[in-house]
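Peer 1: The following block contains the structure, expressed as structure tokens.
The values are calculated or read from the model by the stated rules, or taken from the named source; none is laboratory data. What you see is a predicted model, and the numbers here were worked out from it, not measured in a lab. We place every Cβ from the backbone using ideal geometry, glycine too, and count neighbours over all the protein chains shown. The protein model used for the area step is the full one, side chains on, heavy atoms only, and it has no ligands, DNA or RNA in it. Shrake-Rupley method; radii C 1.70, N 1.55, O 1.52, S 1.80 Å.
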Amino acid sequence: MAGDFDPAWVTELYRCMLRIRAFEEKAAELYQKGELPGFLHSSVGQEAVPVGVTAWLERDDLITSTHRGHGHILAKGADPARMFLELYGSEEGYNRGKGGSMHIMDFSIGVLGANGIVGGGVPIAVGAALSLQNRGSDRVVACFFGDGAVTTGAFHEGVNMAAIWDLPVLFVCENNQYAESTPHRTVDRARDLTVRAQGYGIPGEVVDGNDLFAVLEAARRAVERARRGGGPTLLECRTYRWYGHYIGDPAVYRSEEEVASWKARDPLGRVAGWLAERGALDEEGEARLRAEVQAEIEAAAAAGARGRRPAPESALEDVYAG
Amino acid sequence: MREALREALAEEMERDPSVFLLGEDIEDPMGGSYKVTLGLSTRFGRLRVRNAPISEAAIVGAGVGAAVTGSRPVVEVMYMDFLEIAMDQLVSQAAKIRYMSGGQVAVPLTVRCQGGPGRAAGPQHSQLLEAWFAHVPGLKVVVPSTPRDGKALLKAAIRDPDPVLFFEPNILYNSRGPVPDPEADEVAPLGKADVKRPGRDVTVVTYGAMVAMALEAAERLAREDGVAAEVIDLRTVSPWDRETVLASFRKTRALVVAHQAVRQGGMGAEIAATVYEEALDEVDVEIARVGARFAPTPFAPELERYVVPGAEEIVAAARETLERAGRLGAAVGR
């Protein structure tokens, strides 16, 4: 199955995973130095999910994201420099300094927004899909959310609505095991989301969210189904965030052994291994790729630091359009 | 009023293919719990007039998602009270997406609700919550008082690039009045008040179902006290028309703000305080607020009537302001 994929294409996906990792590590570093205001939620360890899903999306397909959204947004093709500009609260940032990490949006590439409210993006994704269906479009919407969103009303209402109208949505649960500090297994009796999918009368799959190829396979089925008018699919991607809920969270609610066991299953290592087996990426190539990505992210971060501070009065702009 | 609103929906759907309706029980043969959408699904089909499950958060949220992707959704939430279930989608999503995206996108969403007291519908089906939403930057709040305004304001709401809450006073659905022809395509500007009755002695600012009561009160004041009350219908509660209200106050130097919503923390407080701040240099500043007593809207009609004010209370408040100013009775300058 995994052998079906073109190694050159997978190398590009791997580059994207490396970019997300480097972006998150750099942002965390800057945050810890006190350079970035607000909160920062890192998606290190979860890179296979956004890359595996967006691999099948076109530029004008849409996504909704979460407070832990840097990975989704980068995978959809956003400019890391404009993201850093936003993290710094600059005038040239994606949101002109009014959104920050939790609200990055780029409508030009279909990023309908990271979202500070857990579950808040689910109905929005459904409405976007409704818009597409009304228009007879074959575009699709990927709706990313965490395990925490699965216990919200907005999730249930939204998935049900997409199901009854066969809307073109992929509901992608990034189950990173914890809603802030609360283990998912303690707040949800359903052992996996396929049970819920059954309840809504739609297909559902549980996949290893640390395995890019497993995510790719499942997402391909879901995207194809949505594109041909077959309706939504619920994917649960089991993964893990290496850091706490936010940068600075000591994450006392989980054990070192648990963290170590997930780090041993680093999604990056698996892809590098796959590429090496096929002779597509040797050690030298790997080092070069990492250096390229690192240089790109360093430049993006430096651009962020040089951003123009917004004029205070601009706080009153864009409250209304007209 | 009901037909006027239906005409506005039909004309806008006809005019703009991106306009569609979403809500509970809005399809035929039901045609909406209050029959505003009757006939529209038959005429425009079930893709453009869609019955939703009972899921207010998802209904409003889907409206947000559709609005930011090129559609002009008109969402019906059966009772204003039920907006409480959709607060996140209204307040944290719809109201803020344009702002927090740095102006990347508009949210041309219209949310229609009906509600208000007067039908013994009890504490969970009679609330007037406009002040909650007027407190949120990014939302617009519109309340019509006549069929003509209902049609012209709803058309404006649908064409507006921002999220608009359109609150239809339930007790006005059967009200009658002239309505412009479809050819006239009359659109009332949002944010602009309408002087429903000119006068020089006291300004009564109100909106929605209370406009008729204010006009009745003005009639009584004229007859019984020789007082000429100017009745201003705000029409848009947020952003509200400060210029019209202040200009009227500068003329009359007495103000009554009247609404059926609870007085505490209501629009009356906002308008009274604004007028006070802006008119500190006036010789005499006389302001009174009329609003519901601080209780949920009760069921029994006599209890409801005790809590919610009407024309009587407006008359009393107008007399009180003029009395304090020494301008009631003989003192009223002619």
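Peer 1: Give me the extension gain from A:Asp4 to A:Ala287: residue separation times 0.36 nm, minus the current Cα-Cα distance, reported in nm with one decimal.
Peer 2: That works out to 99.3 nm of additional length.
Peer 1: Can you pull the Kirkwood radius for the protein assembly as shown, inverse mean 1/r over Cα pairs, to one decimal in Å?
Peer 2: Evaluated on the protein assembly as shown, it is 26.8 Å.
Peer 1: Going by Cα centres, segment B:5-77 and segment A:1-77 are how many Å apart?
Peer 2: The two parts, judged by their Cα centres, are 37 Å apart.
Peer 1: For segment B:119-149 and segment B:273-325, what is the separation of their C-alpha centers, rounded to whole Å?
Peer 2: 18
Peer 1: Next question. Beyond 25 Å, what percent of the Cα pairs of segment A:67-170 remain?
Peer 2: Tail fraction, whole percent: 24.
Peer 1: Next question. Given a Förster distance of 45 Å, report the FRET efficiency between B:Phe294 and A:Thr182 from their Cβ-Cβ distance, rounded to the nearest 0.05.
Peer 2: 0.75
Peer 1: What average count of beta carbons from other chains do you get within 10 Å of the Cβ of residues in B:90-99?
Peer 2: Taking the mean over all residues of the peptide, I get 5.
Peer 1: Here's something else I'd like to know. Length gain on complete extension for the stretch A:Asp79 to A:Gln198, per 0.36 nm per residue less the alpha carbon to alpha carbon distance?
Peer 2: That pair, A:Asp79 and A:Gln198, stretches by 39.0 nm at full extension.
Peer 1: For chain A, what is the percent of antiparallel DSSP beta bridges, rounded to the nearest 5?
Peer 2: Of those bridges, close to 10 percent are antiparallel.
Peer 1: In nanometres, what is the gap between the two model label sites at B:Ser92 and A:Arg59, each 7 Å from Cα along Cα-to-Cβ?
Peer 2: Simple spin-label model gives 3.3 nm for this pair.
Peer 1: Kindly identify residues of segment A:157-194 having a loss of at least 10 Å² in accessible area between the isolated chain and the assembly of all protein chains, probe radius 1.4 Å.
Peer 2: The answer is A:Glu157, A:Asn160, A:Met161, A:Ile164, A:Trp165.
Peer 1: Additional query: Pull up all non-local amide H partners of B:Ser238: gap of 5 or more, or a different chain, and H-to-H distance under 5 Å with H placed in the peptide plane.
Peer 2: Long-range HN contacts for B:Ser238: B:Val141.
Peer 1: Counting only protein heavy atoms and using a 1.4 Å probe, what share of the accessible area of chain A belongs to carbon plus sulfur, as a whole percent?
Peer 2: On the way: 6200 of 12260 Å².
So the carbon and sulfur contribution to the accessible surface is 51 percent.
Peer 1: Let me ask something additional. Mind checking A:103-113 for the average number of partner chain beta-carbons within 10 Å of each residue's beta-carbon? List each step's numbers first, then the result.
Peer 2: Numbers: counts 6, 2, 7, 2, 6, 1, 0, 1, 2, 7, 8.
The shielding value for this peptide is 4.
Peer 1: Quick one: which residues, 5+ away or cross-chain, put their amide H under 5 Å from the amide H of B:Asp25? H built at 1.01 Å from N.
Peer 2: B:Ala52
Peer 1: Next question. Am I reading the A/B interface right? What is its buried accessible area, both sides, 1.4 Å probe, to the nearest 100 Å²? List each step's numbers first, then the result.
Peer 2: Values: alone 13870 and 13840 Å², together 24530 Å².
Using a 1.4 Å probe on protein heavy atoms, the buried area is about 3200 Å².
Peer 1: Per residue, how large is the accessible surface of segment A:163-220? Use a 1.4 angstrom probe and give square angstrom.
Peer 2: That works out to 40 Å² for each residue.
Peer 1: Could you tell me how far the Cα centroid of segment B:158-234 sits from the Cα centroid of segment A:232-257, in Å?
Peer 2: For segment A:232-257 versus segment B:158-234, the Cα centre distance is 55 Å.
Peer 1: If you don't mind, there's one more thing I want to ask. Want the number for A:Asp166 to A:Glu313: 0.36 nm per residue separation, take away the alpha-carbon distance, what's left?
Peer 2: 48.4 nm
Peer 1: 7 Å from Cα along Cα→Cβ at both B:Glu323 and A:Gln294: what's the point-to-point distance in nm?
Peer 2: Going by the 7 Å Cα→Cβ label model, 8.3 nm.
Peer 1: On the full set of protein chains, 1.4 Å probe, figure out the accessible area of A:Arg225 and give it in Å² to the nearest 10.
Peer 2: Rounded to the nearest 10, the figure is 50 Å².
Peer 1: Would you be so kind as to identify which of A:Ala291, A:Phe213, A:Ile202 lies farthest towards the positive end of the dipole of chain A, taking Lys and Arg as +1 and Asp and Glu as -1 on Cβ and the Cα centre as origin?
Peer 2: Going by the Cα projections, it comes out as A:Ile202.
Peer 1: Between A:Gly110, A:Gly148, A:Gly273, which gets the highest mean-square fluctuation from a Gaussian network model of chain A, Cα cutoff 10 Å?
Peer 2: The residue with the greatest mean-square fluctuation here is A:Gly273.
Peer 1: Given a 1.4 angstrom probe, I'd like the percentage of the accessible area of chain B that is carbon and sulfur, rounded to a whole number.
Peer 2: About 54 percent, which is the carbon plus sulfur part of the accessible surface.
Peer 1: A further question follows. Using θ = phi - 60° and the Karplus form 6.51 cos²θ - 1.76 cosθ + 1.60, what ³J(HN,Hα) does each residue of segment B:175-185 get, whole Hz, x for Gly and Pro?
Peer 2: Along segment B:175-185, the couplings run 5, 10, x, x, 9, x, 5, x, 5, 5, 6 Hz.
Peer 1: Taking all protein chains together and a probe of 1.4 Å, list B:Arg176, A:Arg139, A:Arg265, B:Arg50 from the most accessible to the least accessible.
Peer 2: B:Arg176, A:Arg265, A:Arg139, B:Arg50
Peer 1: Are there any residues in segment A:115-141 with a reduction of at least 30 Å² in accessible surface when going from the isolated chain to the assembly of protein chains? Probe 1.4 Å, please list them by number.
Peer 2: A:Ile117, A:Pro123, A:Ile124, A:Gly127, A:Leu130, A:Ser131, A:Asn134, A:Arg135
Peer 1: What lysines sit close enough to B:Lys251 to cross-link, taking a C-alpha to C-alpha distance under 23 Å and skipping anything fewer than 8 places away on the same chain?
Peer 2: Partners found: B:Lys192, B:Lys196.
Peer 1: Right, another one. Considering only DSSP beta bridges whose two residues both sit in the protein assembly as shown, what percent are antiparallel, to the nearest 5?
Peer 2: Roughly 10 percent of the DSSP beta bridges within the protein assembly as shown come out antiparallel.
Peer 1: Taking the full set of protein chains and a 1.4 angstrom probe, give the accessible area of A:Phe39 in square angstrom, rounded to the nearest 10.
Peer 2: Around 130 Å² of this residue is reachable by solvent.
Peer 1: When the solvent-accessible surface of protein heavy atoms is calculated with a 1.4 angstrom probe, in what order do B:Arg293, B:Arg72 fall, highest first?
Peer 2: B:Arg293, B:Arg72
Peer 1: Rg and Dmax of chain A over Cα atoms: what are they, in angstrom?
Peer 2: In order Rg, Dmax, the Cα atoms of chain A give 19.0, 58 Å.
Peer 1: Along segment A:16-24, what does the Karplus equation 6.51 cos²θ - 1.76 cosθ + 1.60 (θ = phi - 60°) give for ³J(HN,Hα), rounded to whole Hz, x for Gly and Pro?
Peer 2: Each residue's phi maps through the Karplus curve to give 5, 5, 4, 5, 4, 4, 5, 4, 5 Hz.
Peer 1: Still on this structure: Given a 10 angstrom Cα cut-off, can you work out which residue in B:Ala273, B:Ala318, B:Ala152 is the most mobile in a GNM of chain B?
Peer 2: Largest GNM mean-square fluctuation: B:Ala273.
Peer 1: Would you work out the Kirkwood radius for segment B:53-126? I mean one over the mean of 1/r across all pairs of different Cα atoms, in Å.
Peer 2: 13.0
Peer 1: For chain B, with every protein chain kept in place, what is the accessible area per residue (1.4 Å probe, Å²)? Walk me through the numbers on the way to the answer.
Peer 2: On the way: 12270 Å² over 334 residues.
Per-residue accessible area for chain B comes out at 37 Å².
Peer 1: In peptide A:87-97, how many Cβ atoms from other protein chains are near each Cβ within 10 Å, on average?
Peer 2: 2
Peer 1: So if R0 is 45 Å, what FRET efficiency would A:Ala276 and A:Arg228 give, r being the distance between their Cβ atoms, rounded to the nearest 0.05? Kindly include the intermediate steps, with their values, before the conclusion.
Peer 2: Numbers: r = 36 Å, r/R0 = 0.80.
Rounded to the nearest 0.05, the efficiency is 0.80.
Peer 1: Kindly rank B:183-194, A:112-123, A:310-321 from highest to lowest mean number of other beta carbons found within 10 Å of each residue.
Peer 2: Values: B:183-194: 16.0, A:112-123: 26.7, A:310-321: 13.7.
Descending mean neighbour count gives A:112-123, B:183-194, A:310-321.
Peer 1: Can you list residues from other chains, or at least 5 along the same chain, whose modelled amide H is less than 5 Å from the amide H of B:Val19?
Peer 2: B:Arg72
Peer 1: How big is the accessible area of A:Trp9 in square angstrom, nearest 10, if you roll a 1.4 angstrom probe over the protein chains?
Peer 2: 80
Peer 1: Shifting gears a bit: Go ahead and collect, in residue order, the members of segment B:114-130 whose backbone nitrogen is under 15 Å from a label point 7 Å along the Cα-Cβ direction of B:Met30.
Peer 2: Residues passing the 15 Å test: B:114.
Peer 1: Pop out a list of residues from segment B:64-78 that are at least 20 Å² less accessible with all the protein chains around than in their chain alone; 1.4 Å probe, no ligands or nucleic acids counted.
Peer 2: By number: B:Gly65, B:Val68, B:Thr69, B:Ser71.
Peer 1: Using the basic label-point model (7 angstrom from Cα toward the beta carbon), what is the B:Glu302 to B:Glu14 distance in nanometres?
Peer 2: Result for the modelled spin labels: 5.0 nm.
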